[in-house]
Amino acid sequence: MIIRLVKSNIRNDFGQIISYFLILILSVWMLHTGLMILFGYGRLYAEKQVELNGSDLVIRTLSDSAQEMAQLLRADTSIRDYERYEIVNKEVTYRPDGYEEGSKNGYAERELNVLFEPYGEWGEIEAPGFVEQSAEEYDNPIYLSLYEKTNLGVELGDTFHCQISGKEYSFTIAGFFEQIITGGMMEVAFVSPEQYNEWREKLIKDMGNMGDMEYGIPYLYCVRLAGGENDAAAGGELMTELGNRGIMGYVVTHSMTVSQYSYMQNIIAAILSAFALVITGVSLIIIYFKISNSIEQNITNIGALKALGYTSAQIRLSMVLEFTLTAAVACAAGVGISYGTLPFLEPRLRHFAYMVWDYRFDPTALFLTVVLIVGAAMLVSFFGTKSIVALDPVQALRFGLRAHSFRKNHFPIEATGGSLTWLLALKASVQNRKQNIMLVGLMLVVGFVSTFSVFLGYNTIYKK
């Protein structure tokens with residue numbers, strides 16, 4: 001019996017139900033996608049830290065302080081273990097394919113400060129996690145981080161033309177790796193051990209010719225803290241200790257790096273979720289007025305249903321189910337579209353994350369989306385049908401006092417010239433002013449949100 005009422009309501013309100021359904025799909029897509037980004041990237045860095053055995057702290061100093069650094073790190077009870085990497089720091093002028101000296105054809109050279117390490121000679125801490133690696137062996141390979149890939153727009157197998165210390169080099173990109181600290185903020189890259197040793201020996205020779213070994217060779221100390229230690233606090237104490245001991249160097253922490261990487265994802269997630277809630281709020285207001293108007297316009301039908309034996313609870317339930325079921329189907333469609341768009345969004349979000357997000361089904365995002373959208377639709381439709389309880393069947397059949405409300409007859413057909421179709425349309429518009437005002441407001445909000453979302457997505461993800 002209730003199902004028949006629900007079907008009848010949907011049939012009578014089919015056009016409005018479709019509009020409401022499409023608006024909710026947009027809202028669900030934005031809300032679910034925003035929550036997926038927020039929760040997904042919130043977990044990503046913690047998972048990558050474990051998977052890649054990443055550092056809690058990375059300290060950069062020079063070789064002349066190696067002995068004192070060893071004493072300092074061994075004596076620090078907050079440090080569980082550490083590994084030291086010797087690097088060669090080079091100023092690299094990268095020149096993309098198509099670059100011409102002095103040209104204005106859109107191809108610009110890039111200045112990079114790269115820390116080179118020998119390929120294959122890493123330890124357990126802060127080892128690179130390769131996401132792309134060529135099976136082919138190259139004569140002069142270079143392995144770049146995802147940070148460099150996204151910023152330079154290069155691909156596996158491309159030639160990496162650059163100038164280092166006034167000399168031209170052409171490497172072949174043999175792989176891309178991810179690592180939270182060294183793979184992003186510190187711009188580490190790997191070259192063949194032969195190339196690395198050539199640069200290292202030249203550096204030592206140049207320093208020897210200058211007769212000044214004060215600065216030494218750069219070292220990276222990759223540090224893992226003991227359980228429960230705060231990396232920000234430990235990093236601050238180490239920076240203070242370096243200053244007290246006169247050691248030239250600086251400290252980069254895991255939390256500081258993650259906060260910089262996740263900044264834009266959090267903004268995008270917040271904007272998507274906020275817009276989704278705005279659209280949902282407006283659509284819920286529309287539901288409320290739609291139910292009020294429906295009760296007013298179908299008051300005689302409601303009276304007839306009560307006279308036939310339907311209870312107020314049954315009539316209310318049929319209206320509540322009409323909008324709740326529509327919201328539930330819209331949730332299913334919107335969540336499906338959200339998962340369908342993630343393969344397009346994820347590669348573009350790497351411009352900010354510098355990590356591959358292996359997104360998967362997120363029950364928390366789904367639960368919150370369903371509770372917010374379906375729950376809100378259920379509550380609004382429930383409160384919107386309260387007036388049915390007090391409606392007397394006899395009064396309803398007589399259309400209540402509104403049958404004798406003596407409201408002004410706008411555009412009387414017998415006295416107004418013009419097409420009958422247009423006159424009826426004008427009369428309906430004037431008689432349903434609230435509904436039309438809400439419709440205009442809804443379309444303004446949806447138009448603004450849709451346009452701004454396209455603008456934001458184009459300028460921050462597609463063409464950043």
field: Calculated from backbone phi, Karplus (6.51, -1.76, 1.60) coupling profile of segment 353-360 in Hz, x at Gly/Pro
entry: 8, 6, 9, 8, 8, 8, 5, 8
message: Just want the answer: with Cβ charges of +1 for Lys and Arg and -1 for Asp and Glu, which residue in SER170, TYR147, PRO118 is farthest toward the dipole's positive end in segment 57-228?
response: TYR147
query: Separation of segment 60-83 and segment 153-189 by C-alpha centroid, Å?
result: 29
task: Evaluate the charge dipole of segment 57-228 about its Cα centre and quote only its size in Debye, nearest 20, assuming +1 on the Cβ of each Lys and Arg and -1 on the Cβ of each Asp and Glu.
output: 460
- prompt: Which value in nm describes the separation of the simple spin-label points at ALA332 and LEU366, placed 7 Å from the Cα toward the beta carbon?
  reply: 1.3
query: Which net charge results when you count Lys and Arg as +1 and Asp and Glu as -1 among the other residues whose beta-carbon is under 10 Å from that of GLY184?
result: -3
- line: Note, segment 258-265: 3J(HN,Hα) by Karplus (6.51, -1.76, 1.60, θ = phi - 60°), whole Hz, Gly/Pro = x, goes 5, 4, 6, 5, 8, 4, 6, 4
query: What residues qualify as long-range amide H neighbours of GLU132, i.e. H under 5 Å apart, gap of 5 or more or another chain, H built at 1.01 Å from N?
result: PHE176
- prompt: Calculated FRET efficiency, LYS427 and SER387, Cβ-Cβ r, R0 25 Å, to nearest 0.05?
  reply: 0.50
- line: What the Cα atoms of segment 57-228 span along the principal axes, largest first and in whole Å, is 56, 42, 30
- request: Just need the relative contact order of segment 57-228 here, percent rounded to a whole number, with Cα pairs under 8 Å and 6+ apart.
  value: 39
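None of the figures in this text is laboratory data; all of them are computed from the coordinates on show. Just so we're clear, the structure is a prediction, and the values are computed from it rather than from any experiment. Reconstructed Cβ throughout: ideal geometry from the backbone, glycine too, with neighbour counts over all protein chains shown.
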